[in-house]
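Peer 1: Have a look at the structure that comes next, please.
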Amino acid sequence: NAGVTQTPKFRVLKTGQSMTLLCAQDMNHEYMYWYRQDPGMGLRLIHYSVGEGTTAKGEVPDGYNVSRLKKQNFLLGLESAAPSQTSVYFCASSRALNEKLFFGSGTQLSVL
Amino acid sequence: RKEVEQDPGPFNVPEGATVAFNCTYSNSASQSFFWYRQDCRKEPKLLMSVYSSGNEDGRFTAQLNRASQYISLLIRDSKLSDSATYLCVVRFWGSQGNLIFGKGTKLSVKP
């Protein structure tokens, strides 16, 4: 039972480069989320989705885009990476709004 | 502004000790409350939800005080394996997808 799988686990980008983080869940969850975690700060919500084909902005959406073309996948894109986007990114899913979040193992992204 | 505040610690305690963490939240329009556990360089995992009447799960007891806007987590008979960062999490009314995470309290249990 894979749960929530994120790829890649590590990535180094140069300023201005683009990349996509992939998140897949095999639990048939409706809700999916992208968070970032920075030292000394709590997890902050970037974008989320309440179902296939829908996305919404979270607390810190600037510089990121997302897509949920299939229920099991939630993609996070950085069009032009900036050093301020150096962070650990976590994807999560839940069956319903007020239910337990299942997190992926995280992606360590460094932007030089 | 919706905020969740925790003492960052670290709390260094011997095995077998009882330790308590508090968490305060700024907005009275809060909906639900959770404690998550995060091991070093790992993803957060749900430890327990927090109910208005208080709830217990083995050595862990969570309590909610809505009037004072704080949540607590009590760990009895600490084990080495309890060493982790404990995240206080609040969902506020109208926040749709958004859980607000505290910065976490680090616990280190020593032999």
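Since every read-out is calculated from the coordinates, none of them should be taken as a lab result. Computed from a prediction, not measured in an experiment: that's the story for all the values here. Note: ideal-geometry Cβ built from the backbone for every residue, glycine included; neighbour counts use all protein chains shown.
Peer 1: Given a Förster distance of 30 angstrom, what is the FRET efficiency for A:Glu59 paired with A:Leu22, based on the Cβ-Cβ distance and rounded to 0.05?
Peer 2: E(calc), rounded to 0.05, equals 0.85.
Peer 1: Are there cysteines in the protein assembly as shown with no second cysteine's Cβ under 4.7 Å away, and if so, which?
Peer 2: B:Cys40
Peer 1: How much of the pair distance distribution for chain A lies past 24 Å, counting alpha-carbon pairs only, in percent? All intermediate terms of the calculation are to be shown ahead of the outcome.
Peer 2: Numbers: 1050 of 6216 pairs.
Pairs farther apart than 24 Å: 17 percent.
Peer 1: How many nm is it between the label spots at A:Glu52 and A:Ser67, if each spot is 7 Å from the Cα in line with the beta carbon?
Peer 2: Distance between label points: 1.6 nm.
Peer 1: Work out the count of Lys pairs in the stretch A:1-108 where the Cα-Cα distance is under 22 Å, with the pair 8 or more places apart or on different chains.
Peer 2: Values: A:Lys9/A:Lys70; A:Lys9/A:Lys71; A:Lys57/A:Lys70; A:Lys57/A:Lys71; A:Lys57/A:Lys100; A:Lys70/A:Lys100; A:Lys71/A:Lys100.
Within the stretch A:1-108, the lysine pair count is 7.
Peer 1: In whole angstrom, how far apart do the alpha carbon centroids of the stretch A:41-63 and the stretch A:69-112 sit?
Peer 2: 9 Å
Peer 1: Starting from 0 in steps of 5 Å, tell me what percent of the Cα-Cα pairs of the protein assembly as shown lands in each bin.
Peer 2: The distribution over the protein assembly as shown is 1, 7, 15, 18, 18, 16, 12, 8, 4, 1, 0, given as percents.
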